[in-house]
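Reviewing the structure listed below.
Read the figures in this text as sums done on the coordinates, not as results from a lab. Predicted model, so just to flag it, every value in this text is computed and none were measured. Because the Cβ atoms are built from the backbone with ideal geometry, glycine has one as well, and the counts that use them run over all protein chains shown.
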Amino acid sequence: MALGEIDDDRLASYYAGACALVHPSLLEGFGLPFVEAMAQGCPVIATTTSIPDPVAAAALLFEPRDVEGARAQIERLLDDQALRTALVERGREAVAKLSWDRTARETAAVYREIVEETE
């Protein structure tokens, strides 16, 4: 069932109420769904190729197209409350290190470095 357009508050409540965000894609851009889920205390299970480094340590991972690996990680999370609690905590810690201000500063630093190299 496709949910269509979902406002931010409803999306946050879906993440907060979910057992996990299972994201089996082969590739993801920045990874905003991972950050949104972790910010709401939702553990993340994702492919090794889709999750960005800043939040990868706070997630359970499986290889792309590995259905059994995905199943094993889902079962592992559902069967281990201590693991779930640890992932929620690590996710919130990872997200706390991210901000739009930091992104802007680091992007500007990269641009300055490129300009300096071309001068």
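The rows are residues; the columns are (1) without any contact (Cβ under 8 Å) to a residue 24 or more places away in the chain; (2) closer than 17 Å to residue 98 by Cα.
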| site | (1), (2) |
| --- | --- |
| 23 | no, no |
| 31 | no, yes |
| 36 | no, yes |
| 39 | no, yes |
| 67 | yes, no |
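Before we move on, is residue 19 closer than 23 Å to residue 7 by Cα, in contact with a helix residue (DSSP H, G or I) (Cβ under 9 Å, 6 or more places away or on another chain), surrounded by 17 or more Cβ atoms within 10 Å (Cβ to Cβ) and in contact (Cβ under 8 Å) with a residue 24 or more places away in the chain?
So residue 19 does not fit the description; no.
I need the full set of residues from the range 23-53 which are crowded, with 17+ Cβ neighbours inside 10 Å and not in a loop (DSSP other than H, G, I, E, B), in order please.
23, 33, 34, 35, 36, 37, 38, 39, 44, 45, 46, 47
Out of the range 62-92, which residues are out of contact with any helix residue (DSSP H, G or I) (no Cβ under 9 Å at 6 or more places or on another chain), in a helix (DSSP H, G or I) and surrounded by 11 or more Cβ atoms within 10 Å (Cβ to Cβ)?
69, 70, 71, 72, 73, 74, 85, 86, 89
So is residue 45 within 12 Å of the chain's Cα centre (by Cα) and within 16 Å of residue 93 (Cβ to Cβ) or not?
For residue 45, the condition - within 12 Å of the chain's Cα centre (by Cα) and within 16 Å of residue 93 (Cβ to Cβ) - is not met.
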